[in-house]
Amino acid sequence: MREPRHGALDGLLLFRLDSRALDAALTAAVVAFLLWSRFGLLADGPWEWDEVLFARGLLHFELAAHFPHPPGFPGWLAIGHLLMPLAGEPLRALQWGSAALSVLALWPLASLGRRVAPPVVAAAAAVLVLVAPGPWLYAVRGFSSTPAAAFALAAAALAAGGLGGRRATAFSILVAAAFLVRPILLPGLAVLWLAGAAAVRPRRRLVPGLAAAIVMVAASVLAMARAEGGWQAFLQPFVTHTEKHFSRLD
């Protein structure tokens, strides 16, 4: 007979085995391996120009100079600023943020997998995804893709498990966090939010999360405008960037 589960830490166990001790040991081993695969194998330097732009943006935010390029990626830079005192330099701070969030993505991936497969299979699939060449390559670098995906996966896992109680608020906050980390994912994130919100009843339970998301976005935009030196200086790089891309359509 399966042992009854109790305590908040049981939610961290991946394999849902009869033996909680064995489950905890296997979970710890998987997490230790993933931590080593990230932090033990961090890139020695930038691989692609966007990493340089993000790191430069931590030192001096300037959209006009593409530090970073529009739309500014405020959530990603905020994570970098939080880790800068520990990492000591901007690229390393971004690498740490990407590596840590890629490991945290293990739990929402396993949670989503358990919707369609046994827990052991779901956990194994989650690990397989995280050690695949593509996810591993981006996880140890300063890109915003992996952190945004981690927030989006957490939101999707919440939605898949039902958005009762405060989960609806957390869901909207996680989607907003993914958007602020990588704003160009807006179309996909909008679909994710609409799909999750459609099942929430009564609709007023969406209000706290929406309010929090609006505050997060507004605060980010205000911070970027202030750092850029005013609204005109903030908006002009967007116009220039858009015109450059549309000019290539010819």
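The values are calculated or read from the model by the stated rules, or taken from the named source; none is laboratory data. This is a predicted model, so every value here is computed, not measured. Ideal geometry is used to build each Cβ from the backbone, glycine not excepted, and the neighbour counts take in all protein chains shown. Side chains are part of the model used for accessible areas, which takes the heavy atoms of the whole protein and leaves out ligands, DNA and RNA. Shrake-Rupley method; radii C 1.70, N 1.55, O 1.52, S 1.80 Å.
Excluding ligands, DNA and RNA, what is the solvent-accessible area per residue of the chain at a probe of 1.4 Å, expressed in Å²? Numbers along the way, then the final one.
Details: 13070 Å² over 250 residues.
Accessible area per residue, the chain: 52 Å².
Counting Lys and Arg as +1 and Asp and Glu as -1, what is the net charge of the other residues whose Cβ lies under 9 Å from the Cβ of L42?
Spelling it out: positives minus negatives among the neighbours equals +2.
So how much accessible area does H69 have, in Å² to the nearest 10, using a 1.4 Å probe?
Surface accessible to solvent at H69 totals approximately 30 Å².
Just going by the charge dipole of the chain, with Lys and Arg at +1 and Asp and Glu at -1 on Cβ, which of I173, Q95, S144 is farthest out on the positive end?
After comparing all options, I get I173.
Need one word for the range 77-167: rounded, prolate or oblate. Basis is the Cα gyration tensor (sqrt eigenvalues a ≥ b ≥ c); a/c below 1.5 gives rounded, then a/b vs b/c decides.
In terms of gyration-tensor shape, oblate.
Could you give the dipole magnitude of the chain about its Cα centre, charging the beta-carbon of Lys and Arg +1 and that of Asp and Glu -1, in debye to the nearest 20? Could you put the intermediate results ahead of the total?
Numbers: 20 positive and 13 negative charges, 216 e Å.
Here the size comes out at about 1040 debye.
Show me 49-57, 164-172, 97-105 ranked by packing, highest mean number of other Cβ atoms within 10 Å first. Walk me through the intermediate numbers first.
Working: 49-57: 19.4, 164-172: 17.9, 97-105: 21.9.
The peptides rank, most packed first, as 97-105, 49-57, 164-172.
I want the local charge near A233. Using Cβ-Cβ distances under 12 Å, sum +1 for each Lys or Arg and -1 for each Asp or Glu among the other residues.
-1
Over the chain, what percent of the accessible surface lies on carbon and sulfur atoms, probe 1.4 Å?
Working: 9220 of 13070 Å².
Accessible surface attributable to carbon and sulfur in the chain totals 71 percent.
Taking square-rooted eigenvalues a ≥ b ≥ c of the alpha carbon gyration tensor, is the chain rounded, prolate or oblate, where a/c under 1.5 means rounded and, failing that, a/b exceeding b/c means prolate?
In terms of gyration-tensor shape, oblate.
Using only the alpha-carbon atoms, how far is helix 74-87 inclined from the longest principal axis of the chain? Give it as 0 to 90 degrees, nearest 10.
70
For the range 77-120 and the range 135-207, compute the distance between their C-alpha centroids and round to whole Å.
That distance is 14 Å.
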